[in-house]
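Step one of this worksheet: look at the structure below.
The values are calculated or read from the model by the stated rules, or taken from the named source; none is laboratory data. Remember, it's a predicted structure, so these values are computed and weren't measured experimentally. Every residue, glycine as well, gets a Cβ built from its backbone with ideal geometry; the counts of neighbours run over all protein chains shown.
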Amino acid sequence: MNVLNKVELYELVHKHPLFAGSTEEQFSKLMEDCELKIYKKTEKVLYAKSHREGLLLILTGVAEVYIGGENDRREILEVLQQNEIIGFSSLAQFLGEPDDHIRSLTVEVEAVEDLYCLKIPYSVVEKRWSDAEVRDFFLRKVAIRLRDIYSSLAEQVKLAADWGESEPFVRRVQDLMTEPVITISENETAQEAARKMVEHAIGSVLVVDEAERLLGVITDKDIVRRVATQLENHSLQFQAKDIMTPNPLTISRNAYYYEALSAFYTNGVKHLPVIEEERVVGIVTLSSLLTKKNRGQMSILKQIEQSSYDNLPSVKNAIYDVLTSLINDEISTVHMLEIITKLYDRLTRQCVALAVESLEKKGKGTPPVPFTWYLMGSGARGEQFMLTDQDHFLVYADPDDSKKQAVEDYFSLLGEEIVVHLEKAGYSRCIGKMMSNNPDWRGSITDWKARLREWALKTTDEQILLGQNFLSFRFLYGDNNLNEQFVTMVQNKLEVSQTFLYYMAQQEREKLVPQIDQSFLGLFKGKKNVIDVKKHALFPLHHCLQVLGAINGIIEGTSLQLLNELVRRKVLYESLSDDLRHAYEVALKTRIKMSWEKHLKGEQSTTEIDITSLHSWEKDEIMNMLKAVRALQFHLLSKL
């Protein structure tokens, strides 16, 4: 805890609105009636139904106000920090209102971290009450509190009306996590870690430094795998840092229930440390989430894992059910796509795994050499809203010359099997045949090296189009070492193929987003009243980021990942990146809204907008979106 010295304490308290108007002499006398209070982390500050004798001013630290329930369940009402006051709910008593209500749900307060407070009795508040600025301060605070309470109440009533007594799909991790979390320092022994697990009946402990920043996690499996198997070597004395899994996957306390559940299934972990401002504040486990009531949508994750070829079609409908819930819950577009992309990724991985398994069952054997499988198109960019056509390719390790034909034959069969399984799941076949059953979209590392060389040498419009689609790739299944080898090869080829990247950039010069200062209805030739969100926003935005990334050795990632990395490397400046993020959100939101409305009506999806049907503020958003993308095009051209 940051312990304050007397001078700091004096200045901090005297500047607070409750005391700011007092003279030095008045303030000194008021302080004689006040008391410094220190509460250790997890210590109760106020108990339910305890009598309130004044207010607590937080000098340092954080406290949680909550309502306790059955089975140690708690509902967090608010989080209070420095300069905030604990005890506003009892202000009515100070003002003389009777306290005769039945306290069936009385709030409690607990220190989230070490808490340094000043206890201010009502006698002191009374002495300051004659000051108009003090009364104004309390009035503003109560008004803000009333507004927040009404907002929260309205949200809870809406959720209750929508979902009855079921667990809201948008429940936060902070409502589900276990706290305080059991931790250990990196230099403590493995035996101490095991003792704590047994003592607290838990399956993991977190390894933290002195500032409570997370270093790693130790699970019961780590104890068995890394310690118990070495018991014959009596000289070994393991420390926590020797057996922990460093830099584990974490989650924010403000993340949603479905985010946590999705993280467990898509990453294969069972323990998620909860982080707030780099500090560990709790832990959530897969088993604890599965014991929580929910609406059942996230059972799709298990359904995907357990799916077979015959029931693959049902997975699509289940994912669309989740999509419906996210839309109804008004989750942000980017956030929603992140969640849905994880589900689609899981589905496509399962399709590839089932394809490999199918060949083995048919007596065609197992993969003769390591291989990797990649998505392209909207799926690779993390923009796939509903299932579209297939867009993927396959890479395998260079085989020995004597086995080359056998290896090619196997992956020819696997490429077709993957396409068949994806088609069964709901992905239609690509009209352009950009799929791994096409010899042009599968091959060994050497085959792909030659293919990239050919594209770079020809630089026709067709080859550039192939290159743009290819460079959106995202690794999804297979051997990690082979993926690293493949990515390195692509980076090396691009370094000596700057002309190819130049011609890719020239495509943007020839297809500039129309100028915004023209008459809005005359922006687009041919279809004056129609714009295409994909053609005029999403495609040019991604292609520009793609080329800028390739020039700087970045060849993987979604549009936002590319954008963030380019900003980090100072290739893009912050103001432009902010405009681009907003433009990207507007483009995606517009596209999804249109597609979803068409889907509900059973009509063919489209990305074209009739701008005459838009409200003025919608037109402004579209214009600003196009302006940002056009600025990115010019930024790319300036780099050539």
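Does LEU413 satisfy being within 22 Å of ILE304 (Cβ to Cβ) and touching a residue at least 40 places away in the same chain (Cβ under 8 Å)? It would help to see each step written out before you state the result.
Working: within 22 Å of ILE304 (Cβ to Cβ): no; touching a residue at least 40 places away in the same chain (Cβ under 8 Å): yes.
Spelling it out, it is not the case that LEU413 is within 22 Å of ILE304 (Cβ to Cβ) and touching a residue at least 40 places away in the same chain (Cβ under 8 Å).
Do you know which residues across segment 352-383 are touching a Phe, Trp or Tyr at 6+ places or on another chain (Cβ under 6 Å) and closer than 11 Å to THR558 by Cα?
Selection gives MET376, ALA380.
If GLN390 passes every condition in (1) more than 24 Å from ASN481 (Cα to Cα); (2) surrounded by fewer than 19 Cβ atoms within 10 Å (Cβ to Cβ) but one, which one does it miss?
Looking at each condition in turn, GLN390 falls short on (2).
Among the candidates ARG147, ARG103, ARG52, ARG73, which residue alone is modelled with pLDDT of 75 or more and either among the basic types (Lys, Arg) or not assigned by TED's automatic domain parsing to the domain that holds GLU25 (or both)?
Values: ARG103 fails: modelled with pLDDT of 75 or more; ARG52 fails: modelled with pLDDT of 75 or more; ARG73 fails: modelled with pLDDT of 75 or more.
Only one candidate qualifies: ARG147.
Exactly one condition in (1) in a helix (DSSP H, G or I); (2) out of contact with any Gly (no Cβ under 9 Å at 6 or more places or on another chain) is not met by SER605; state its number.
(1)
Of the residues THR348, THR324, only one is buried (at least 20 other Cβ atoms within 10 Å of the Cβ) and polar (S, T, N, Q); which? Steps first, please.
On the way: THR324 fails: buried (at least 20 other Cβ atoms within 10 Å of the Cβ).
Answer to the selection: THR348.
Within segment 358-403, restricting attention to residues that are hydrophobic (A, V, I, L, M, F, W, C) and assigned to a loop (DSSP other than H, G, I, E, B), which residue is nearest to the chain's Cα centre (by Cα)? Can you show your working first?
Our first condition is that a residue be hydrophobic (A, V, I, L, M, F, W, C); within segment 358-403, this holds for 359, 369, 371, 373, 375-376, 380, 385-387, 393-395, 397.
Retained after the next criterion (residues that are assigned to a loop (DSSP other than H, G, I, E, B)): 369, 376, 385-387, 397.
Working: VAL369: 35, MET376: 22, PHE385: 17, MET386: 20, LEU387: 22, ALA397: 33 Å.
Going through the qualifying residues, I end up with PHE385.
What helices (runs of 4 or more DSSP H) lie completely within segment 193-267 and have 1 or more residues being modelled with pLDDT of 80 or more and of a type in the set (Gly, Ala, Ser)? Before you say what the answer is, go through the steps one by one.
Details: elements: 220-226, 240-243, 257-267.
By residue number, 240-243, 257-267.
Can you pull out every residue in segment 367-397 that is farther than 23 Å from LEU466 by Cα and modelled with pLDDT of 95 or more?
Once the filter is applied, which keeps residues that are farther than 23 Å from LEU466 by Cα and modelled with pLDDT of 95 or more, segment 367-397 yields PRO367, PRO368, VAL369, PRO370.
With the requirement that a residue be more than 20 Å from the chain's Cα centre (by Cα) and buried (at least 16 other Cβ atoms within 10 Å of the Cβ), what does segment 588-598 give you? Show your work before the answer.
We begin by selecting, within segment 588-598, every residue more than 20 Å from the chain's Cα centre (by Cα); these are 590-591, 593-598.
Within segment 588-598, THR590, ARG591, MET594, SER595, TRP596 qualify.
Of the conditions (1) outside the structural domain of THR372 (by TED's automatic domain parsing); (2) surrounded by fewer than 18 Cβ atoms within 10 Å (Cβ to Cβ), GLU508 clears all except one; give me its number.
The number of the failed condition is (2).
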